[in-house]
Amino acid sequence: MSQSPQPLDGVKVVDIANFLAGPIASMFLADFGADVVKVERPGTGDELRFWGNDKDGVGLMYKMVNRNKRSVTADLRTPLGVEIVKRLISDADIVIENYRKGTLERWGLGYDVLSEINPGLIMLRVTGFGQTGPNSHRPGFGTLAEGYSGYAYITGYPDRPPLLPGFGLADDSAGLMGAFLAMVALQYKNRSSKGQVIDMAIYEPLFTLLGPQVVDFDQLGLVQERNGSRLPFTAPRNTYRTKDDKWVSISGSAQSTFERMCEALEVTELVSDPRFLDNRLRIRNAIALDEELQAAIEKFDRDGLIDLFDEFDAAAAPCNSIAEIFKDPHFKARENIVSVEDEELGGPIRMQNVVGKLSRTPGAIRNAGPKLGSSNRSILINRLGFNEAELKAAGLPVD
């Protein structure tokens, strides 16, 4: 485990968010050294503790998303809970929340109140539809955002229903963008000493990532429809079945890559085929091209095909299951999976490592998601000055 100085050492973050998007944002900050205090409701904690699979009653998804954080408990609907948050943010840089519009204001924790205590405070507000607009009052989750943003409409096959992703894509992309925007606001604060509010809807980052749909519709009136794994702007691009009934993903985005692919597969006649001479022609004839490539690819086992493409400097990758990823030597060499000791589970737990390798200030995973309220004593009593009796009276554990 790296003990190197980290770029966000000294940055204080208060995470009063639940579920996924907000906590993902604070996870990325914590990965690079930010001191993240996660505030959870007494008794149950963040509902993410009950999402997905568990081991001996301990939620595994929570362990990954809330790594490198400390947990304290507070009921934000009570005067004590409000006071806990106020004391936590008094010297914090960033507070992250994802309650429905108006909820914090109703509890007396709006930015107008908190910025009076700490004028340099940055508040990241993550909601389904944002703080403004006719839908801003609606509850919002990542699933809704995946439909609303336009993602589901273009995902799947032409004669089948729209497909949602098999993971929290909208929440995760919102978490990434939230962490980036928090860093943008922090840079401004470092120059001006002034905080600000970041208002972000969960659907907005995914909407931006969907490619040229807006400009295509604006300029050409085009509506992208579902087309399986094909893309509307490059071909070939698809998954293909190999002789041993496994799958590979292949892209021939560059002309030279397409030509090397055809050479490797011994179908060089496709390069001079009038239907496939350049990328735009290949897009128009993508179905026919896929049929030709599938017929050539299914003559090879998957590993043999990967080796062949590597020899010809063509682009292909296996469609890995997580079991295959655990065995993959490249994932191992890149340290993409890391083992972390966890007291609550009584042993090590493996999870995805920090993304990106900084040469001077690498990120690190110091601990998995904490036990509920495990930092109540060190933070609420020792740091913030609450006494043991008042916390126990409110049902907040201090041991």
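The values are calculated or read from the model by the stated rules, or taken from the named source; none is laboratory data. Keep in mind it's a predicted model, so treat the numbers as computed, not measured. Backbone-built Cβ (ideal geometry, glycine too); neighbour counts: all protein chains shown. To get the accessible areas, we keep the full protein, side chains included, count just its heavy atoms, and leave off ligands, DNA and RNA. Shrake-Rupley method; radii C 1.70, N 1.55, O 1.52, S 1.80 Å.
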| said: Scan the stretch 58-79 and tell me whether some residue there is open to solvent by 40 Å² or more (accessible area, probe 1.4 Å), within 23 Å of Met27 (Cα to Cα) and touching a Ser or Thr at 6+ places or on another chain (Cβ under 9 Å). | reply: yes
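Condition check ((1) loosely packed, with under 15 Cβ neighbours inside 10 Å; (2) of a type in the set (Lys, Arg); (3) closer than 30 Å to Ser321 by Cβ) across all residues:
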site: Thr242; (1), (2), (3): no, no, yes
site: Ser249; (1), (2), (3): no, no, yes
site: Ser256; (1), (2), (3): yes, no, no
site: Met261; (1), (2), (3): no, no, yes
site: Glu269; (1), (2), (3): yes, no, no
site: Phe276; (1), (2), (3): no, no, no
site: Asn279; (1), (2), (3): no, no, no
site: Ala286; (1), (2), (3): no, no, yes
| query | For Leu345, which of the numbered conditions (1) in a loop (DSSP other than H, G, I, E, B); (2) without any contact (Cβ under 8 Å) to a residue 12 or more places away in the chain fails to hold? | reply | (2)
| query | Applying the selection to the stretch 21-53, what residues are open to solvent by 10 Å² or more (accessible area, probe 1.4 Å), assigned to a loop (DSSP other than H, G, I, E, B) and under 19 Å from Arg125 (Cα atoms)? | reply | Arg41
| query | Residues in the stretch 349-361: is at least one touching a strand residue (DSSP E or B) at 6+ places or on another chain (Cβ under 6 Å), closer than 21 Å to Lys38 by Cβ and open to solvent by 30 Å² or more (accessible area, probe 1.4 Å)? | reply | yes
| query | Regarding Asp46, is this residue within 21 Å of Leu169 (Cα to Cα), modelled with pLDDT of 95 or more and not hydrophobic (A, V, I, L, M, F, W, C)? | reply | yes
| Filter result for Leu380 (open to solvent by less than 40 Å² (accessible area, probe 1.4 Å) and touching a Phe, Trp or Tyr at 6+ places or on another chain (Cβ under 7 Å)) | yes
| query | Within the stretch 141-166, restricting attention to residues that are under 23 Å from Leu124 (Cα atoms) and open to solvent by 20 Å² or more (accessible area, probe 1.4 Å), which residue is farthest from the chain's Cα centre (by Cα)? | reply | Tyr148
| remark: With criteria (1) modelled with pLDDT under 95; (2) part of a loop (DSSP other than H, G, I, E, B); (3) not β-branched (Val, Ile, Thr), Lys392 comes up short on (2)
